[in-house]
Amino acid sequence: MHDGAERVGLVVVSHSARLAAGVAEVAGQMAPDVTVAAAGGTADGGIGTDFDAVSEALARVGAAAVLYDLGSARMVAELAVESLDDPSRVVLVDAPLVEGAVAAAVAAQGGADLAAVASAARAAGSEPEVAAPAEGEEIRVRLTNEIGLHARPAALTARTLSELDASVTVRFGDKSADGTSVLALMALGARGGDEVVVSATGRQSDDALRAFADLAARDFDE
Amino acid sequence: MACTAESVADAVRAAAAVVASHRDELVALDRAIGDGDHGENLNRGFTAVVAALDEGTPDTPAAVLKLVASTLISKVGGAAGPLYGTAFLRASAVVKDAAELGPAEVVAALEAALGGVVARGKAEVGDKTMVDALSPAVEAARSADSVSELLTAAAEAARAGAESTEPLVARKGRASYLGERSAGHVDPGARSTALILGSFAAGPVR
């Protein structure tokens, strides 16, 4: 991330206040420094999408990815974006709401720009890409925390690695994952006791391998 | 005769009245194939529109249409809010600051409204949506000579268009999740479009 630049935020637009708040909660857990604004339900607490609430949520963030649940939430979000003084500061993203919000939040936490955050959310809808094994240094790491590379450990790993100038691949069995993709890391299914192979290329490849080994040694701060 | 801001406001009040009196019908249609809130949402929106007009009628037809748009966008919680809101917003933009609307302006407003609904909802004729009522209405309006005639022609075409949605399988909106089971019901959005255009034709806009 550029020095002093604000992290990209997230706006979650849903027909339900509780759904919007819940998605924001799950995404926020992965990204403590990202503003995740929820706009769900109608003004009177019913099911629907409220233009004014969406506009207020947009006002709470700067550059932001906007995710929505169903068709009319998209339409209300579109209208609210069109009504901004600078509509180009946000991107409406067609992505699965929960996976997309988590992927976007982690990307934003790592300092990704708006386009990269949006594309992380969109990619959450497809099968995790099989990462080409990065040529270069390689280490074997045994996971000693109980849940392995799941949820928070995966998020912490993706966040840590995405801050480095390195391309990192984590392999487990015949599966491999981009080290900066929380969903791909989780899809490896590596649990406590499993051994993963981590390889890295790029200017900070050594730092990346050291960082991964370090995180695993600390049981990912679990 | 042409329509002034006052007569556009009267037409909108007539639409609010017809939405109120058909609220239960729209709720029932939407309950069959949607989420059941169309009648309630639209009635809430138009009630708020009338309240806003009661504060004072804006000076131009465009300003009336814009007030209707912003009120519907804010007050209707479902898809009807952004769809009708965009329709009225685009209609407002196209008639600019004209003090009175003649047939050409009203046709342009209807065309702009249709364009807005299509852009917002990404639906085509045959998808079982508002477009199935609004699109033939615009087509019919083009061939009439006076505002009164064109509104009558538009209303009749919209009514037929709404009825034509009954056998269709929905391809857009909440009803599309039902697949084949959406057939056999009139689309609530097409029905409300026909009701609103019908109220314009029957109202004092002449």
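Considering only the other residues whose Cβ falls under 14 Å of the Cβ of A:A107, what net charge follows from Lys and Arg at +1 and Asp and Glu at -1?
So the environment of A:A107 carries a net charge of -2.
Over the Cα atoms of region A:9-123, Rg to Rh with Kirkwood Rh, two decimal places?
Rounded to two decimals, Rg/Rh equals 0.93.
Give me the percent of DSSP beta bridges within chain A that run antiparallel, rounded to the nearest 5.
50 percent
For a label point 7 Å from the Cα of A:R210 along Cα→C-beta, name the residues of region A:154-188 whose backbone N is under 14 Å from it.
The answer is A:164-165, whose backbone nitrogens lie closer than 14 Å to the label point.
Rounded to the nearest 20 Debye, what is the dipole magnitude of the protein assembly as shown about its Cα centre when Lys and Arg each give +1 and Asp and Glu each give -1 at the C-beta?
540 debye
Using a Gaussian network model of chain B with C-alpha springs under 10 Å, which one of B:A170, B:A28, B:A155 is most mobile by mean-square fluctuation?
Evaluated over chain B, the most mobile residue of the options is B:A28.
Which distance in nm do the two modelled labels at B:E25 and B:D97 give, with both placed 7 Å along the Cα-to-Cβ direction?
4.1 nm
Hey, for a label at B:A51 modelled as a point 7 Å past Cα toward Cβ, could you say which residues of region B:1-28 have their backbone N under 17 Å away?
B:13, B:16-17, B:20
Averaged across orientations, what area in nm² does the convex hull of the alpha carbons in chain B project?
9.3 nm²
For the interface of B with A, what's the total buried accessible surface in square angstrom, probe 1.4 angstrom, rounded to the nearest hundred?
In total, this chain pair buries about 1200 Å².
Calculate how steeply helix A:51-60 sits against the longest principal axis of the alpha-carbon atoms of chain A, using the helix alpha-carbon long axis, and give the answer as 0 to 90 degrees to the nearest 10.
Approximately 50 degrees, to the nearest 10.
Averaged per residue, what accessible surface does region B:5-202 expose to a 1.4 Å probe, in Å²?
I get 39 Å² per residue for region B:5-202.
Percent antiparallel among DSSP beta bridges with both residues in the protein assembly as shown, to the nearest 5?
For the protein assembly as shown, the DSSP antiparallel bridge percentage is about 50.
So how many Å³ per residue does the convex hull of the Cα atoms of the protein assembly as shown work out to?
152 Å³
What is the sum of charges around A:E195, taking Lys and Arg as +1, Asp and Glu as -1, for the other residues whose C-beta is under 9 Å from the C-beta of A:E195?
Counting the neighbours of A:E195, the net charge comes to +1.
Ignoring ligands, DNA and RNA, what percent of the accessible area of the protein assembly as shown is carbon or sulfur (1.4 Å)?
51 percent
Mean 1/r over all different Cα pairs, inverted: what Kirkwood radius does region B:1-68 give, in Å?
Result for region B:1-68 stands at 12.7 Å.
Report, in debye and to the nearest 20, how large the dipole of region B:15-155 comes out about its Cα centre when Lys and Arg carry +1 and Asp and Glu carry -1 on their Cβ.
Taking the Cα centre of region B:15-155 as origin, the dipole is about 360 debye.
For A:E138 and A:S88, calculate 0.36 nm times their separation in residues minus their Cα-Cα distance, and state this gained length in nm to one decimal.
Stretched out fully, the A:E138 to A:S88 stretch lengthens by 13.9 nm.
Considering only B:A99, B:A87, B:A133, give the residue with the highest GNM mean-square fluctuation for chain B, with springs between Cα atoms whenever their separation is below 10 Å.
B:A99
With angles folded into 0 to 90 degrees, how steeply does helix A:205-217 sit against the dominant principal axis of chain A? Use alpha carbons for both and round to 10.
The answer is roughly 90 degrees.
So, R0 is 45 Å and r is the distance between the beta-carbons of A:V26 and B:D59; what FRET efficiency does that work out to, to 0.05?
After rounding to 0.05, the efficiency reads 0.35.
State the percent of C-alpha pairs, over all pairs in chain A, separated by a distance greater than 29 angstrom.
Distances greater than 29 Å cover 29 percent of the Cα pairs.
Could you give the nm distance between label points at A:D221 and B:A202, where each point is 7 Å from its Cα heading toward the beta carbon?
6.6 nm
Expressed in whole Å with the largest first, what are the equivalent ellipsoid semi-axes of region A:137-221 derived from the C-alpha gyration tensor as the square root of 5 times each eigenvalue?
Those come to 17, 13, 12 Å.
Compute the helix-to-body angle for A:71-82: its Cα long axis versus the longest principal axis of chain A, expressed 0 to 90° and rounded to tens.
80 degrees
So how much slack lies between B:R142 and B:E180, counting 0.36 nm per residue of separation and subtracting their Cα-Cα distance, in nm?
In short, 10.3 nm is gained.
Near A:T144, within a Cβ-to-Cβ distance under 12 Å, what is the net charge of the other residues, with Lys and Arg +1 and Asp and Glu -1?
-2
Report the extension gain between A:K175 and A:A43 in nm, rounded to one decimal, defined as 0.36 nm multiplied by the number of residues separating them, less their alpha carbon distance.
42.9 nm
The values are calculated or read from the model by the stated rules, or taken from the named source; none is laboratory data. Just so you know, these numbers come straight off a predicted model, no measurement behind them. So basically every Cβ, Gly included, is an ideal-geometry build from the backbone, and we count neighbours across all protein chains shown. Keep in mind that these areas ignore ligands, DNA and RNA; they rest on the heavy atoms of the full protein, side chains included. Shrake-Rupley method; radii C 1.70, N 1.55, O 1.52, S 1.80 Å.
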